[in-house]
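First comes the structure, then the notes that go with it.
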Amino acid sequence: MVKTVITPNGNTYSLPIPEHYIGKTLEVLFYARDEFFEKKAPNGKKPSDFFGTLSLAEGKRFQDHVAIARLEWNRNTY
């Protein structure tokens, strides 16, 4: 994996590709750090303000979904 931080001076950028990546499908992602890491102002609500917004059945389905997602996230994928 190659990760770098750049500050481009124009609307094009030349990116060197390591030899072991030649011929492979690569994914390139770019974003402005100040947009991605900007902090959102709190909306003034506490977790307790949301008490009762889900039915017990909806809450159970949500917790089951979260449990399955955590198992998938933690599985060894290589």
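A count restricted to the stretch 47-78 and to residues that are at pLDDT 80 or above and not in a helix (DSSP H, G or I) stands at 5. Taken over the stretch 40-69, residues that are among the basic types (K, R) and surrounded by fewer than 10 Cβ atoms within 10 Å (Cβ to Cβ) amount to 3.
The values are calculated or read from the model by the stated rules, or taken from the named source; none is laboratory data. Only a predicted model underlies this, so the values are computations on that prediction, with no experimental measurement involved. No Cβ is skipped: glycine too gets one built from the backbone with ideal geometry, and neighbour counts run over all protein chains shown.
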